[in-house]
Amino acid sequence: MDATRREELFRTWAHEHLGILLKVARAFALSPTDREDLLQDLLSTLWEALPSFRAGSKASTFIYRVAHNRALNWQRSRTRYWRRIQPLEALPDAELPGPPEDDSRERLTLLYEAIHALAPLDRTLVLLSLDGLPYSEIAEVTGLTENHIGVRLTRARQRLKDTLSQRRQ
């Protein structure tokens, strides 16, 4: 792939599939700063992976695979990093004036927090499922069998349901 074609393809994909990258970043990084860092990392990784794209597969499947693999590695590296340093005392959050959050935004935040609490593989499966991918495409992204995906998704959905119902109480 020549440099001009690579740049055109990257720009197109970054524009058309930014939602995929944003969802992955939000599911793996809770703080806005971490999400921005992870998003930049995902974009960089996508750029590096472009030459390995095979035109026979769907772009979205390729992007999901690259993004989820990088997010899993990012999470592992962050975990190792935090184990090595001594945590600072938590600083109180500053309350900034602004419009009150509506109910749907609050519910979305709770959902992402519940998704974040899942195991990384289950988190990936739930995100792909929420995006409407069929089990066959999820299998391409993850390398699991469709049957295994169904079992794990059923269990992950139940954990999400339990977590969300506990938080509402």
Going by average Cβ neighbours within 10 Å, how do the peptides 162-168, 22-28 rank, with the highest at the top? 22-28, 162-168
The chain - accessible surface per residue (Å², probe 1.4 Å): 66 Å²
What's the angle, to the nearest 10 degrees (0 to 90), between helix 59-84's Cα axis and the longest principal axis of the chain? 50 degrees
Over the stretch 1-47, one equal point on each Cα, no solvent: what is log10 I(q)/I(0) by the Debye formula at q = 0.27, 0.28, 0.30, 0.32 Å⁻¹? -0.93, -0.97, -1.05, -1.12
For the pair Leu110/Ser77, report the inter-label distance in nm, with labels modelled 7 Å from Cα in the Cβ direction. 3.5 nm
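Say R0 is 25 Å: what FRET efficiency, to the nearest 0.05, do Glu146 and Lys58 get from their beta-carbon distance?
Between Glu146 and Lys58 the formula returns 0.90.
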Name the long-range amide H neighbours of Leu133: under 5 Å, sequence gap of 5 or more, or other chain; modelled H, no Pro or chain starts. none
Arg155 versus Glu48: modelled label distance in nm, points set 7 Å from Cα along the beta carbon direction: 3.2 nm
Hey, any idea what % of the chain's accessible area is carbon plus sulfur with a 1.4 Å probe? 51 percent
Full-stretch length increase - Thr4, Leu18 - with 0.36 nm per residue and alpha-carbon distance subtracted: 3.0 nm
For the chain, just list the percent of Cα-Cα distances falling in each 5 Å bin from zero outward, please. 1, 7, 15, 17, 18, 16, 12, 7, 4, 2, 0, 0
Quick one: angle between helix 18-28 and the longest Cα principal axis of the chain, in degrees between 0 and 90, rounded to 10, please. 40 degrees
Ranked by GNM mean-square fluctuation in the chain (Cα springs under 10 Å), the top entry among Leu111, Leu21, Leu39 is Leu111
Using Cα atoms only, what is the angle between the long axis of helix 3-16 and the major principal axis of the chain, expressed in degrees (0 to 90) to the nearest 10? 40 degrees
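The values are calculated or read from the model by the stated rules, or taken from the named source; none is laboratory data. Because the structure is a prediction, the values reported are computed rather than measured. Methodologically, a virtual Cβ is constructed for each residue, glycine included, from the backbone with ideal geometry; neighbour enumeration extends over all protein chains shown. Just the protein is used for accessible areas: all its heavy atoms, side chains included, with ligands, DNA and RNA removed. Shrake-Rupley method; radii C 1.70, N 1.55, O 1.52, S 1.80 Å.
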